[in-house]
Amino acid sequence: MSYAVARLRNQNSDANKLYDEDRAIHEWYRFVLSFPPHLVRHYLERFGAHSGYRILDPFCGTATTLVECKKHGIEGVGIEGNPVAHFAGCVKTAWDVNPSALVAEGQRIAEMAHEQLFLLGIQDEMPLLPTTSVDIALRTLPAEQAALILTNSISPLPLHKALVLRDSIYQEAEPAYQRHLLLALIKALVNNASNLHFGPEVGLGAIKDDAAVIAPWFANVQAMAQDISAFQDTQRIPSVIHRGDARSVATILPERSIDCVITSPPYPNEKDYTRTTRLEAVFLGFIHNKSELRAMKKGLVRSNTRGVYKEDNDHEWIANLPRIQELAERIEQRRIELGKTSGFERLYARVTRLYFGGMARHFAALRTSLVPGAKLAYVVGDQASYFRVMIRTGDILCDIAKSLGYHVLHVDLFRTRLATATREQMREEVVVLQWPG
Ligand SMILES: C[S@@+](CC[C@H](N)C(=O)[O-])C[C@H]1O[C@@H](n2cnc3c(N)ncnc32)[C@H](O)[C@@H]1O
C-alpha cells in the first residue's frame, strides 16, 4: 500500500479545508461537522497503517475516515448514531456499482420526473409555464414531519420537485442504484433546492421561490460515476458502518478487532447534531415525529442542552474525577452570578458532566475491541460559550482516558480559533492515545 505523504499544512485557515485533490467521493455528501481527509491521512501515516490494519471511526459522521482508508486500501469500520450521516457514509463507501449503468439509470429517472412535472406545467429549470395555475396541488410533507424542520427550510415548488424525484427513485429505480441516486438527491436538496445556510449553525439564507432540482441532482450522479470509475482498484476493500451508539461499542465490535481509531467526537459546544441534517432526515423518512427525533437524540453523546433528558446518567462515569466536578460547579456558580435563569442555562452544568461522562463510557467500552498497542486520534475543540467558562476539552479527555488505563502519547494542535466572547484562543487539537492492552 502506498499513499501520498500527508502533512498538516501550516496555515491555520487552511487546516479544515477540503483540498481540491480530495474532492473525489468525499464530496458526495459532507456536512459542517466533517473533518478534512488530509487530517486522516496524516494519522494513517503516523500510525504506520497498512493494508493489514482495521481502522475504526466510532463517531463516523459522513465517513471521511472510512473513505480515506478505502482510497488507500485499508479496511474501515464505523459507528454512527445519526441515520442521515449513517446513510451517507454507507453509500460513500459503496463503490461496487457499474458507473455507466448508474448514469443511465439516473437519465431514465430524470426523464420520468421531468414528465411528471410537465403534466402540472412545471419545468425544472424554467419559470412556470404560462398555462400553469398558481394553485396546482403540489406534493408536500405530512404535517407532523413538516413541524420537525426549520420553517421555510425549503419553498413549496422546489420541495414538490424534490418529492417527485424522490418518489420516482423509490418506485422506479433499480435497487442496485437507489441509494446512490438518493444520496445525490439529498445533496441537491440541501445545496440547490433548500433555503438553508450553514454558518456554521444551520439557519435560513435567501428564500428561493423556485430552484432547479433534477439538473443539479443529475450532475451529482454523473460526478459519482466518474469517481467510482477512478477508484476501481480499491472498490473491494471492506468498509462497514454500524448504526449504533459509540458508548456501547463493546456490544457492536468483536474483541481485539481494531488496530487504530481516527475520529472526531462531538464536543460540548451546544451543537445539536440532529439539527444540521433535519431536512434530509425528514425527507428520507428517517424520522416522522417528535418521539422518533427524541429516540435519535438519546443515542448520541450529550453535547447540547436541547438533547438532555431526565433519566440521563452518563455523569456517573466521571463522578470520581474532581476536575470535571469543579468545572461543572464553576459553570453553575457563574450562571448564578450572572442571574441567568432560563431552562437552557440551568442545564449547562449538567450537559458538561453528561458529555464527559458519555466520553468516559465510550473509552471504557472501547478497550476490549482494541488490539494491544492500538493507537487512537481524537479531534476535539475547546469551548467557552458556557458563561465564558473555558472548557479545555482535549485536556480533560486526556485525564479521563488515563483514568481508564490508556496512555496519552501527545496532544497535537490542529488549529486555533479566537473566541469572540472571551478573546481567548480556542484550541482544536488531536488527542493521541495508546491502548497498552
Ligand atoms: C463531529 S461529527 C463527525 C464528523 C466526521 N468526522 C466527518 O468527517 O463527517 C460527530 C458525529 O458523531 C455522531 N455521534 C454523536 N454521538 C454519537 C454516539 N453516541 N454514537 C455514535 N455516533 C455519535 C454525530 O451524529 C456526528 O455525526
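Throughout, read-outs are computed from the coordinates displayed, never taken from laboratory work. The structure presented is a predicted model; accordingly, all values stated were derived computationally and were not measured. Here the Cβ is made from the backbone with ideal geometry for all residues, glycine too, and neighbour counts use every protein chain on show.
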- Message: I need the calculated FRET efficiency for the pair residue 137 and residue 408, taking r as the beta carbon distance and R₀ as 51 Å, to the nearest 0.05.
- Response: 0.25
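As an exercise, use a Förster radius of 41 Å and the Cβ-Cβ distance of residue 310 and residue 155 to find the FRET efficiency, rounded to the nearest 0.05.
On the way: r = 38 Å, r/R0 = 0.93.
Approximately 0.60, to the nearest 0.05.
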- Task: Just subtract the alpha-carbon distance of residue 191 and residue 147 from 0.36 nm times their residue separation and send over the number in nm, one decimal.
- Result: 13.7 nm
- Backbone HN-Hα couplings from phi across the range 144-149 [Karplus 6.51/-1.76/1.60, Hz, Gly and Pro as x]: 5, 6, 4, 5, 7, 9
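Counting residues in the range 99-230 as N, plug N into 2.2 N^0.38 Å and put the Cα Rg over that result. Could you put the intermediate results ahead of the total?
Working: Rg = 15.1 Å, N = 132, 2.2 N^0.38 = 14.1 Å.
Its radius of gyration relative to the 2.2 N^0.38 Å reference: 1.07.
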- Query: Taking the Cα-to-Cβ direction at residue 100 and at residue 417 and moving 7 Å from each Cα, how far apart do the two end points lie in nm?
  - Reply: 4.6
- Note on the structure: Sequence order, the range 401-411: Karplus ³J(HN,Hα) from phi using 6.51 cos²θ - 1.76 cosθ + 1.60, θ = phi - 60°, Hz rounded, Gly and Pro as x, gives 4, 4, 5, 9, x, 6, 9, 8, 7, 6, 10
- What residues qualify as long-range amide H neighbours of residue 78, i.e. H under 5 Å apart, gap of 5 or more or another chain, H built at 1.01 Å from N? 57, 240, 241, 242
- For the chain, what is the relative contact order in percent, using Cα pairs closer than 8 Å and at least 6 residues apart in sequence? 17
- Given labels modelled 7 Å from the Cα in the Cβ direction, how far is it in nm from residue 319 to residue 111? 6.7
- Query: Taking the Cα atoms only, what angle lies between the long axis of helix 214-230 and the longest principal axis of the chain, rounded to 10 degrees?
  - Reply: 60
- Select from 317, 360, 339 the residue farthest towards the positive end of the dipole of the range 316-437; place +1 on Cβ of Lys and Arg, -1 on Cβ of Asp and Glu, and compute about the Cα centre. 339
- Message: Give me, ordered by chain and number, the residues 5 or more places off residue 260 or on other chains with an amide H under 5 Å from its own placed amide H.
- Response: 54, 56
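Find the relative contact order for the range 99-230 and round it to a whole percent, using C-alpha pairs within less than 8 Å whose residues are 6+ positions apart. Don't jump to the answer; show the numbers that get you there.
Values: 158 pairs, mean separation 46.2, N = 132.
Dividing the mean separation by the residue count of the range 99-230 yields 35 percent.
What dipole magnitude, in Debye to the nearest 20, does the range 99-230 give about its Cα centre under +1 on Lys/Arg Cβ and -1 on Asp/Glu Cβ? List each step's numbers first, then the result.
Numbers: 7 positive and 14 negative charges, 36 e Å.
So the dipole magnitude of the range 99-230 works out to roughly 180 debye.
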- Would you mind pulling out the separation of the Cα centroids of the range 273-312 and the range 196-211, in Å? 21
- Message: Residue by residue through the range 26-42, what is 3J(HN,Hα) from phi via Karplus (6.51 cos²θ - 1.76 cosθ + 1.60, θ = phi - 60°)? Round to whole Hz and write x for glycine and proline.
- Response: 3, 7, 4, 5, 10, 10, 4, 8, 5, 9, x, x, 5, 5, 4, 4, 4
- Query: Which of the trypsin sites (Lys or Arg not before Pro) across the range 165-220 are loop residues per DSSP, with 15 or fewer other Cβ within 10 Å?
  - Reply: 208
- Acute angle (nearest 10 degrees) that the helix 322-338 long axis makes with the longest principal axis of the chain, alpha-carbon atoms: 70
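Pull out the extension gain between residue 236 and residue 294, defined as 0.36 nm times the separation in residues minus the alpha carbon to alpha carbon distance; nm, one decimal. Spell out each step's value before the answer.
On the way: separation 58, 0.36 × 58 = 20.88 nm, distance 3.65 nm.
Extending this stretch completely gives an extra 17.2 nm.
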- Query: Against the longest principal axis of the chain, how steep is helix 83-92, in degrees 0 to 90 to the nearest 10, with axes from Cα atoms?
  - Reply: 70
- Task: Please go through the residue pairs 187/290; 70/92; 92/161; 161/208; 310/340; 161/187 and name each one whose alpha carbons sit more than 19 Å apart in this structure.
- Result: 187/290; 92/161; 310/340
- Query: Taking Cα centroids, how far is the range 18-43 from the range 216-266 in Å?
  - Reply: 13
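What's the FRET efficiency of residue 334 with residue 207 using the Cβ-Cβ distance as r and R₀ = 35 Å, to the nearest 0.05?
On the way: r = 39 Å, r/R0 = 1.11.
In this case the efficiency is close to 0.35.
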- Message: At 1.567 mPa s and 4 °C, plugging the Kirkwood radius over alpha-carbon pairs of the chain into Stokes-Einstein gives what diffusion coefficient in µm²/s?
- Response: 56
- Filtered trypsin sites (Lys or Arg not before Pro), the range 344-417: DSSP coil and at most 14 other beta carbons within 10 Å: 388
- May I ask which residue of 72, 394, 91 lies farthest towards the positive end of the charge dipole of the chain, with charges of +1 (Lys, Arg) and -1 (Asp, Glu) on Cβ and the Cα centre as origin? 394
